[in-house]
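See structure below.
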Amino acid sequence: MEPPVDYKRGGENCYIPKKEVFSWVGSNKEGFQVVRFFPKVGHFFLLGTPEGKVHLFDVVKNKTRAHTYVGHVKAVRDVQFAHDGKNFVSCAFDN
């Protein structure tokens, strides 16, 4: 889960994008419930889907889905990384 050695964070300024650079695809149904970036670095993000899955996407290296976690039967309501980024927790509408 460590960021690549050669990865350097960009500036802390935020700008409105002028064109689409990349499009993430990960759900069969429309939309996603929640997206959370990796703490401090942001080189991964967790994406909760209406199907009850949590996807881990790599933002820096190959921009693909790194892993899929299955454990819920209803839509994922929220996901959150631990402060160190080594673990995450998810909750869904299935209690």
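The values are calculated or read from the model by the stated rules, or taken from the named source; none is laboratory data. Not measured: the values here are computed from a predicted model. Here the Cβ positions follow ideal geometry from the backbone for every residue, glycine too, while neighbour counts run over all protein chains shown. Remember, those area values only see protein heavy atoms, side chains included, never the ligands or the DNA or RNA. Shrake-Rupley method; radii C 1.70, N 1.55, O 1.52, S 1.80 Å.
Worth pointing out:
- The stretch 41-52: number of residues that are free of Cβ contacts under 8 Å to residues at least 24 places away in the same chain and open to solvent by 40 Å² or more (accessible area, probe 1.4 Å): 0
- Residues of the stretch 65-95 classified as open to solvent by 80 Å² or more (accessible area, probe 1.4 Å), among the hydrophobic types (A, V, I, L, M, F, W, C) and within 13 Å of the chain's Cα centre (by Cα), total: 1
- Of Phe22, Phe81, Phe32, all but one fail to be at negative phi and at pLDDT 80 or above; the exception is Phe81.
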